[in-house]
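Contents: one structure, followed by commentary.
Read-outs: derived from the displayed coordinates by stated rules, not from any lab. These numbers were taken from a predicted model, which means no experiment stands behind them. FYI the Cβ positions are ideal-geometry reconstructions off the backbone, even for glycines, and counts take in every protein chain you see.
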There are 2 protein chains.
Amino acid sequence: MSQVAWIAADWGTSNLRVWGLGANGKVIETARSDQGMGKLTPDQYEGVLNGLVAGWTDGPTDVLICGMAGAKQGWKEAPYLSVPCAPAGADAVSVQTSGALNVRILPGLCQIDPPDVMRGEETQIAGFLASRPDFAGTICLPGTHSKWVQIADGQVRSFRTKMTGELFNLLSEQSVLRHGMSDDWDDGAFTDGLKQSHDALNALFTVRSTGLLDPSKAAGARSYLSGLLIGAELQGVDTAVPVVLIGDGKLSALYATVLEQFGATSEIVDGEGLVLEGLKAAYAELKG
Amino acid sequence: MSQVAWIAADWGTSNLRVWGLGANGKVIETARSDQGMGKLTPDQYEGVLNGLVAGWTDGPTDVLICGMAGAKQGWKEAPYLSVPCAPAGADAVSVQTSGALNVRILPGLCQIDPPDVMRGEETQIAGFLASRPDFAGTICLPGTHSKWVQIADGQVRSFRTKMTGELFNLLSEQSVLRHGMSDDWDDGAFTDGLKQSHDALNALFTVRSTGLLDPSKAAGARSYLSGLLIGAELQGVDTAVPVVLIGDGKLSALYATVLEQFGATSEIVDGEGLVLEGLKAAYAELKG
């Protein structure tokens, strides 16, 4: 059995992925677990990691981790790097362990004004820039907390977090707007929502009243709400620079359609694998 | 014991208030219950009402109801009146009962474009207009679903519902923003929120990141969020017309302060009692 040269880990709030890499950079071993940061106290991380990589190594081995394991409430805090800066590779924090694993955690990024933070996405961005070092423009990672990131000269220049996904889940599942919503998708209702999205907060209740006044439109409420919130997120997008969408294919495709309507051209990049590329780039930087 | 001449009821989603009125309009009896619309099927309303007013009357008696009892999922649907129209008194819907109560339910109001609805607030507005028939301007009823109502010539000309209160509750109790929030009020943080409220949706995540980057500001997160959302609600308020705030004293006072900062003068009217005044006005109209 081939021994891994080093170990990469993406340790998020809910889940954990680990890769064992050979000296040539190839993935030899992989493992995943649901022991995310949200379920662990600091003294439990080492045991979880040892359990996942048991048998991968027979001596001292480097481990490089990104994500919420480096949050204040994680394994050990890796203080945020302040933008503008390169997205990954600097100021990894060493963690004391009792075994042969030499663990380091990558910091997230912060911005002072307007105040903002990210942890984990910076490593995906580093993975993207590893193959596109000259990219300049906007990277958007749509999701629960969408990130909009301005890139130039290999650096994150600035970024904003939008709570679109979390707001959509709260409103569609727990607010008065949930009544009568169907799970079916309705393109027309989504477009109607987009049209009102310049004033989305004030238009939220129309999701409900539209269906009350015209029951034939109740089924489209979910798509309408989605249009309102995604449209609001995209207000003011800079259409003069290229936009790269990183993430889940279906959501990225929806964002791409809206961006086109807003006059911006975008390119979709599959997010799967970018974290590992980012960890590899950061590890090379740390070793260099 | 004096018998009541007629019965007024405010039957909301969560609660129910009933008044027994003498021929001179004075309140002789009162009762309240938590058997709101949300807990009842249509066949249960009559029993609840009979239980509350038992002994108040000894013959056929008019009952006039406002609120959610007239919703589609209530006792009997009282279809919305479309604005512009007077806020109450027209098109009450009769309900078949098995006893001596002659029950009618007042309709709510609707607006076709932008789509909007209200049920119950129109009766408070009618109560206000009963003593201020010449009022022209804006009435705001702040709350879970704030109503902004344009009044002229004794009519509701148009209105908008803003989900400010529900959004505040969802975000402060169930979103990622709840972390580290204190219950203490912080005037400075509220003002900071107001300053960002022109772009409230995009600024929501700063509620969280501000506290992460400067723990001394974490305690103010709740007030900051309140400033963001109330400020967003008040964007574009018409400062050229008088604003009357109807509702809970503390919330109304907060809105009055913000309206002043936005250049609008407002007057606070205690909402307690206005529903009954509105029911009286509507009853006089129906009998007239």
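With a 10 Å Cβ neighbour count serving as the proxy for reagent exposure, in which order, fewest first, do B:D187, A:D43 appear?
Details: B:D187 11, A:D43 8.
By the 10 Å Cβ count, ascending: A:D43, B:D187.
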Quiz item: Got a sec to turn the phi values of region A:237-249 into Karplus ³J(HN,Hα) couplings, 6.51 cos²θ - 1.76 cosθ + 1.60 with θ = phi - 60°, whole Hz, x for Gly and Pro?
Solution: 4, 6, 7, 8, 10, x, 10, 10, 9, 10, x, 3, x
Quiz prompt | In order through region A:114-120: 3J(HN,Hα) via Karplus (6.51 cos²θ - 1.76 cosθ + 1.60), integer Hz, x for Gly, Pro | solution = x, x, 7, 9, 8, 8, x
Exercise. Work out from phi, with θ = phi - 60° and the Karplus expression 6.51 cos²θ - 1.76 cosθ + 1.60, the ³J(HN,Hα) of each residue of region A:32-40, listed in order in whole Hz, and give x for Gly and Pro.
Key: 9, 7, 9, 7, x, 3, x, 9, 10
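Could you line up A:I151, A:I268, B:I65 from fewest to most neighbouring Cβ atoms inside 10 Å?
On the way: A:I151 24, A:I268 17, B:I65 29.
In increasing order of surrounding Cβ atoms, one gets A:I268, A:I151, B:I65.
Let me check against my output: what whole-number percent is the relative contact order of chain A, with C-alpha pairs under 8 Å and at least 6 apart? Show your work: numbers first, answer last.
Values: 609 pairs, mean separation 45.4, N = 288.
Answer for chain A is 16 percent.
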Self-check item: Kirkwood-type radius of chain A, with distances r between different C-alpha atoms, in Å
Solution: 20.4
Quiz prompt | Amide H partners (placed H, <5 Å) of B:F205, local residues excluded | solution = A:M163
Self-check item: Most fluctuating residue given options B:L49, B:L225, B:L170, as computed from a GNM of chain B linking Cα atoms under 10 Å
Solution: B:L170
Exercise. Give me the net charge of B:L259's neighbourhood, meaning all other residues with Cβ under 12 Å from the Cβ of B:L259; Lys, Arg count +1, Asp, Glu -1.
Key: -4
Quiz prompt | Residues with amide H under 5 Å from that of B:G143, placed H, sequence gap 5 or more | solution = B:G165
Exercise. Please compute the net charge surrounding B:G247, taking Lys and Arg as +1 and Asp and Glu as -1 over other residues with Cβ under 14 Å from its Cβ.
Key: -3
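Note down, for region A:120-288, the three equivalent ellipsoid semi-axes (square root of 5 times each alpha carbon gyration tensor eigenvalue), biggest first, whole angstrom. Spell out each step's value before the answer.
Details: eigenvalues 241, 48, 30 Å².
One finds semi-axes of 35, 15, 12 Å for region A:120-288.
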Practice problem: Please give the average number of partner chain Cβ atoms lying within 10 Å of the Cβ of each residue in A:194-205, rounded to a whole number. | Solution: 5
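Using the alpha carbon gyration tensor of region B:38-173, what are the three equivalent-ellipsoid semi-axes (square root of 5 times each eigenvalue), largest first, in whole Å?
On the way: eigenvalues 166, 77, 36 Å².
In descending order the semi-axes read 29, 20, 14 Å.
In units of 2.2 N^0.38 Å, what is the alpha-carbon radius of gyration of the protein assembly as shown?
Working: Rg = 29.2 Å, N = 576, 2.2 N^0.38 = 24.6 Å.
The value comes to 1.19.
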Exercise. Amide H neighbours of B:L81 under 5 Å, at least 5 residues apart or on other chains, H built in the peptide plane: list them.
Key: B:G108, B:L109, B:C110
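Tally Lys/Arg at +1 and Asp/Glu at -1 over every other residue whose Cβ is under 14 Å from the Cβ of A:P142; what's the total? Kindly include the intermediate steps, with their values, before the conclusion.
Details: positive: A:K147, A:R160, A:K162, A:K250; negative: A:E121, A:E166, A:E233, A:D248, A:E267, A:D270.
Value of the local net charge: -2.
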Practice problem: Sort B:R178, B:R104 so that the residue with the fewest other Cβ atoms within 10 Å of its own Cβ comes first and the one with the most comes last. | Solution: B:R178, B:R104
Self-check item: Within chain B, helix-based [θ] at 222 nm, where runs of 4 or more DSSP H residues each add -39,500 (n - 2.57), nearest 500
Solution: -9500 deg cm²/dmol
Quiz prompt | DSSP-defined antiparallel bridges as percent of all bridges, the protein assembly as shown, nearest 5 | solution = 60
